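Engineer: What follows is a single structure, and I will ask about it in a moment.
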Amino acid sequence: MNQTQYNQLFSFIWNIATDVLVYAFEKGEYKKIIMPMMVLRRIDVLLEPTKEQLLETKKMLDENHFTNQDPILFTTTGYPFYNTSLFTMKTLKSETDPLRLKINFTDYLNGFSKDVQDIIDKFHMRQMVDNLTEAERLGSIIEKFTDDKINLSNKPVLDDDGNVRLPGLDNHTMGTIFEELLRKFNEENNVTEAGEHFTPRDYVKLLADLAVLPVADKITDNTYSIYDGACGTGGILTIAQERILEIAKEQDKRVQVDIYGQELTPETYATCKADLMISGNIQSFQYLVDNQNREYIAFDSTISRDGHAGETYDFCISNPPFGTPWKEDLKKRGLGEKEKNKFTDSRFQIEDKGKEISFIPDIGDCQMMFLANNLSRMRDDTPLGTRIVEVHNGSSLFTGDAGKGASNLRQYIIENDLLEAIVAMPEKDFYNTGIGTFIWVITNRKEECRRGFVQLIDATEIKTPLRKNLGEKNCETAEEDRRTIMKLLMDFKETPQSKIFPNNEFGYWSVNVYQPQRDEQGNIIRDKKGKPVIDKKSKDTEIIPFRYEGGIEGFFQNEILPYSPDAILDEKSIVAGYELSFTKYFYKPKQLRTIEEISSDIRAIEERTDGLLDEILGR
């Protein structure tokens, strides 16, 4: 679908709201009607060609008392869903009586198979039908969504000569339309939630490349799995899936790629589920593991309810929410906001070298918990291991004191030599925020040359401007930009945009230093053993880099005692921490103006103001 066709489709759907719903509904209600109807019509149009055959098959199965009818009916439609009512959306629009239309539409909804019923429930479609009927808009909106001028199917509409009249709507374009509509609806209603769960498609393609291209030569005839614990409408999963299949085809390999995920927002989950079933990515929405049925895309919060407990994957690719409190997850476990230390989960508390370590961060931001969740998915029993590619904001690089959850997680990742690279991305690359983002690349199968090292890539200026802003987004990561970033990663060389450091570059010791207590004469007070008594109010915390020559003792001798000879170092307070700073390594000082330039400006000002003071004073 080219840009012109996309714009026409988007405008048509947007105008449905302004044509049909205006005056009957508040603007804030538009998305609760347009989004579900768009998804429903997307499913409905695929079932139209086999409707009569399905009804005949259903009648035969009922007459012969078949109990497990789903597999046969799925085969009839060619999709993992069906509708056994007598209606389609096109036949429904012929009913002019509002009450009969409501009854028929409800019967139509009830005729869908189990997975579509889940989608209907998540969208609250039955309540939507009541509201549309009361406002006498149900018939109008059905008529709009069944207009022959638009195609919401994933298959193209052909003209009489076999040429494409209307292109098919694939998963990625559907996701883009969904999110752009959401953004526009929210802008109209002064709401800023759009984009919280959505990653622009150009950005997603980079995530897929970072995950797959470095191990392209290791792809074999096999089945691979991709997992996204914050999967939104499923764009990351399907694009990464396509990327692996493309690479496998180029290398003449036969692979199968299974996708798994979890999503919290009901409407987004429903859209994701519908599109994965429509596109054929999931033939059955459930699979069996440990004698339990699980869904490929689980619903609910990944933090408080692990929808894929104990499972591991080849690729974990995510863009989790930034700066989002996770107090609701505590509530689900029966805990208060100050009881996060009682939040027990093996994904977030591990035992390493005989020591219990917590990765639980501050209550105000859950993004590091998604990273810890992905770490728990890593495979150790395959040649490929697991590659994690995850998007974060800048705070994940440094927040959390030494010994606290976020720092512990960074320490675990780096000391276990799992961190391959971090890529700093441009600002204003997302729809609803101007902040810069950072992509973490983690693997338990580092190349020999990378072992013991971390690569930092500054891609903040590697971008292509957009001709027209989309919300906050004013640039994109175009194909050439992706190639540039991937070359920096794959070359693994020192350049102005690529820096390579040993793992211990990012570690430090946090140490408390005190002054001794003194009496009224200024003499140091000592205990019975003759040791100085510390003044607890004088505590000063020093941050000592791991790579400081001489370590803690060297720092104490060189940086503290010369200026405070009586200082006391509290050895019991020593805690290791880790943080990363792109500013430290990539800071470019602004070029100062020369004296000549400044003098020239002053002389120009003098010339422009010559005689002005006399004029003001009236001389």
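Engineer: Just name one of Ser318, Thr302, Thr271: the one whose Cα is farthest towards the positive end of the charge dipole of the range 265-349 (beta-carbon charges, Lys/Arg +1, Asp/Glu -1).
Structural biologist: Thr302
Engineer: Next up: Do any GluC sites (Glu not before Pro) in the range 380-464 lie in a DSSP loop with no more than 13 other beta carbon atoms within 10 Å, and if so, which?
Structural biologist: The qualifying sites are Glu447, Glu461.
Engineer: Using a simple spin-label model with points 7 Å from Cα along the Cα→Cβ vector, what separation in nm is obtained for Thr609 and Asp290?
Structural biologist: Roughly 7.7 nm, to one decimal.
Engineer: Report the charge-dipole magnitude of the range 511-613 in Debye, nearest 20, computed about the Cα centre from +1 at each Lys and Arg Cβ and -1 at each Asp and Glu Cβ.
Structural biologist: I would put it at about 540 debye.
Engineer: Which value, in Å² rounded to 10, gives the accessible area of Lys404 with a 1.4 Å probe and all protein chains present?
Structural biologist: 120
Engineer: Per-residue counts of other Cβ atoms within 10 Å, averaged by peptide: what ranking do you get for 89-99, 203-213, highest first?
Structural biologist: 203-213, 89-99
Engineer: How much length is gained if the chain between Arg467 and Asp147 is pulled fully straight, taking 0.36 nm per residue apart and subtracting their Cα-Cα distance, in nm to one decimal?
Structural biologist: The Arg467-Asp147 span can extend by a further 112.1 nm.
Engineer: Quick one: order Tyr563, Tyr548, Tyr287, Tyr227 from most to least accessible surface, probe 1.4 Å.
Structural biologist: Tyr563, Tyr548, Tyr287, Tyr227
Engineer: Quick check for me: using +1 on Lys/Arg Cβ and -1 on Asp/Glu Cβ, what's the dipole size of the range 383-520 about its Cα centre, in debye to the nearest 20?
Structural biologist: The dipole of the range 383-520 has a size of about 420 debye.
Engineer: Evaluate the range 1-121: find the radius of gyration of its Cα atoms, find its Kirkwood radius, and give the ratio Rg to Rh.
Structural biologist: Result: Rg/Rh = 1.03.
Engineer: With a probe of 1.4 Å, find how much accessible area the chain has per residue, and write the answer as a whole number in Å².
Structural biologist: Solvent-accessible surface per residue comes out at 51 Å².
Engineer: Place a point 7 Å from the Cα of Ala216 along the Cα-to-Cβ direction; which residues of the range 479-497 have their backbone N under 20 Å from it?
Structural biologist: Once the point is set 7 Å along Cα→Cβ of Ala216, 479-493 turn out to lie under 20 Å by backbone N, inside the range 479-497.
Engineer: Please turn the phi angles of the range 368-381 into ³J(HN,Hα) values with the Karplus equation 6.51 cos²θ - 1.76 cosθ + 1.60 (θ = phi - 60°), one per residue in order, whole Hz, x for glycine and proline.
Structural biologist: Per-residue couplings from phi come out as 5, 5, 5, 5, 5, 4, 5, 4, 5, 9, 6, 9, 10, 10 Hz.
Engineer: Filter the cross-link list Lys273/Lys463; Lys404/Lys539; Lys218/Lys355 down to pairs whose alpha-carbon distance in this structure exceeds 25 Å.
Structural biologist: From Lys273/Lys463; Lys404/Lys539; Lys218/Lys355, over 25 Å: Lys273/Lys463; Lys218/Lys355.
Engineer: Now for a separate question. Relative contact order for the chain using alpha-carbon pairs under 8 Å, separation at least 6, rounded to a whole percent?
Structural biologist: Relative contact order here is 9 percent.
Engineer: Please give me, ordered by residue number, the GluC sites (Glu not before Pro) of the range 1-84 that lie in loop per DSSP and have at most 12 other Cβ atoms within 10 Å.
Structural biologist: Sites meeting the loop and neighbour criteria: Glu26.
Engineer: Give me the number: length gained by fully extending Leu99 to Glu494, i.e. 0.36 nm times residue separation minus the C-alpha to C-alpha distance, one decimal in nm.
Structural biologist: 135.1 nm
Engineer: So I have [x] 103, 69, 41; [y] 89, 63, 55; [z] 102, 88, 54, and one of them is Cα extents along the principal axes in Å calculated from this model. Which one is it?
Structural biologist: Computed from the coordinates, Cα extents along the principal axes in Å corresponds to [z].
Engineer: Going from most exposed to least, what order do Trp509, Trp14, Trp326 have by accessible area with a 1.4 Å probe?
Structural biologist: Order by accessible area, largest first: Trp509, Trp14, Trp326.
Engineer: Using a simple charge model, +1 on the beta-carbon of Lys and Arg, -1 on the beta-carbon of Asp and Glu, nothing else, what dipole does the chain show about its Cα centre, in debye to the nearest 20?
Structural biologist: Dipole about the Cα centre, nearest 20: 840 debye.
Engineer: Any idea how far the Cα center of the range 381-449 sits from the one of the range 275-342, in Å?
Structural biologist: Each part reduced to its Cα centre gives a spacing of 20 Å.
Engineer: Report, in deg cm²/dmol and to the nearest 500, the calculated mean residue ellipticity at 222 nm for the chain, where each DSSP H run with n ≥ 4 adds -39500 (n - 2.57) and the sum is divided by the residue count.
Structural biologist: Helix-only estimate at 222 nm: -11000 deg cm²/dmol.
Engineer: Show Leu101, Leu158 ordered by accessible area, largest first, where the area counts protein heavy atoms only and the probe is 1.4 Å.
Structural biologist: Leu158, Leu101
Engineer: Now a separate question. Could you check the simple spin-label distance between Ile363 and Asp19, using points 7 Å along Cα→Cβ, in nm with one decimal?
Structural biologist: Here the answer is 5.0 nm between the modelled labels.
Engineer: Ok, one more. Can you give the angle from 0 to 90° between the axis of helix 125-134 and the longest principal axis of the chain, with both taken from C-alpha atoms, to the nearest 10?
Structural biologist: Approximately 60 degrees, to the nearest 10.
Engineer: Same structure again: Quick one: Cα centre-to-centre distance for the range 507-547 and the range 100-149, in angstrom?
Structural biologist: Answer, in whole Å: 72.
Engineer: A further question follows. Using 0.36 nm times the number of residues separating Asp570 and Asp121, minus their current alpha carbon distance, what extension gain do you get?
Structural biologist: 155.7 nm
Engineer: To the nearest 10 square angstrom, how much accessible area does Asp161 have with a 1.4 angstrom probe?
Structural biologist: Rounded to the nearest 10, the figure is 130 Å².
Engineer: Another question, if that's okay. Taking the Cα centre of the chain as the origin and placing charges on Cβ (Lys, Arg +1; Asp, Glu -1), which of Ile560, Ile602, Tyr514 is farthest toward the positive end of the dipole?
Structural biologist: Going by the charge dipole, the pick is Tyr514.
Engineer: Compute, for His65, the solvent-accessible surface of its heavy atoms (probe 1.4 Å) with the complete set of protein chains present, and express it in square angstrom to the nearest 10.
Structural biologist: Rounded to the nearest 10, that gives 150 Å².
Engineer: OK, next. Take the solvent-accessible surface of the protein heavy atoms, probe 1.4 Å, and return the percent of it on the range 507-582 that carbon and sulfur atoms account for.
Structural biologist: Ligands and nucleic acids excluded, carbon and sulfur reach 47 percent.
Engineer: Compute the Cα gyration tensor for the range 463-548, then decide on rounded, prolate or oblate, letting a ≥ b ≥ c be the square roots of its eigenvalues: rounded whenever a/c is under 1.5, prolate when a/b is larger than b/c in the other cases, and oblate in all that remain.
Structural biologist: prolate
Engineer: Name the residues whose placed amide hydrogens come within less than 5 Å of the amide hydrogen of Asp417, ignoring near sequence neighbours (fewer than 5 apart) on the same chain.
Structural biologist: Under 5 Å from the amide H of Asp417: no residue qualifies.
Engineer: Need one word for the range 98-257: rounded, prolate or oblate. Basis is the Cα gyration tensor (sqrt eigenvalues a ≥ b ≥ c); a/c below 1.5 gives rounded, then a/b vs b/c decides.
Structural biologist: Prolate is the answer for the range 98-257, as a/c is 1.5 or above and a/b outweighs b/c.
Engineer: On to the next question. For the range 234-246, take each phi angle, set θ = phi - 60°, evaluate the Karplus expression 6.51 cos²θ - 1.76 cosθ + 1.60, and give the result in whole Hz per residue in order, putting x for glycine and proline.
Structural biologist: 3J(HN,Hα) across the range 234-246, in whole Hz: x, x, 4, 5, 6, 5, 5, 4, 4, 5, 5, 5, 4.
Engineer: Could you look at the range 235-310 and say what percent of its accessible area is carbon and sulfur, using a 1.4 Å probe and all protein chains?
Structural biologist: The C+S portion of the solvent-accessible surface of the range 235-310 is 41 percent.
Engineer: OK, next. How many nm separate the modelled label positions at Lys155 and Arg518, each set 7 Å beyond the Cα in the direction of the Cβ?
Structural biologist: With each label point 7 Å from Cα toward Cβ, the separation is 8.9 nm.
Engineer: Just flag the GluC sites (Glu not before Pro) in the range 295-329 sitting in loop per DSSP whose Cβ has no more than 16 other Cβ atoms within 10 Å.
Structural biologist: Glu311
Engineer: What's the center-to-center distance, using Cα atoms, between the range 475-501 and the range 12-29 in Å?
Structural biologist: Here the answer is 45 Å between Cα centres.
Engineer: Order these peptides, 256-264, 393-401, by their mean beta-carbon neighbour count within 10 angstrom, highest first.
Structural biologist: The most tightly packed comes first, giving 256-264, 393-401.
Engineer: Separate question: Rounded if a/c is under 1.5, else prolate if a/b is larger than b/c, else oblate: which is the range 202-312, with a ≥ b ≥ c the root eigenvalues of its Cα gyration tensor?
Structural biologist: Prolate.
Engineer: Give the residue from Val255, Ile16, Gly550 lying farthest towards the positive end of the charge dipole for the chain; charges sit on Cβ (+1 for Lys and Arg, -1 for Asp and Glu) and the dipole is referred to the Cα centre.
Structural biologist: Ranked along the dipole, the leading option is Gly550.
Engineer: Where in the range 499-537 is the amide nitrogen less than 15 Å from a point lying 7 Å along the Cα-to-Cβ axis of Lys355?
Structural biologist: Of the residues in the range 499-537, 507-511 have backbone N under 15 Å from the label point off Lys355.
The values are calculated or read from the model by the stated rules, or taken from the named source; none is laboratory data. Treat the numbers as computed from the prediction; the structure is a model and nothing was measured. Quick reminder, even Gly has a Cβ in these numbers, built from the backbone with ideal geometry, and neighbours come from all protein chains shown. With ligands, DNA and RNA removed, areas are computed over all heavy atoms of the protein, side chains included. Shrake-Rupley method; radii C 1.70, N 1.55, O 1.52, S 1.80 Å.
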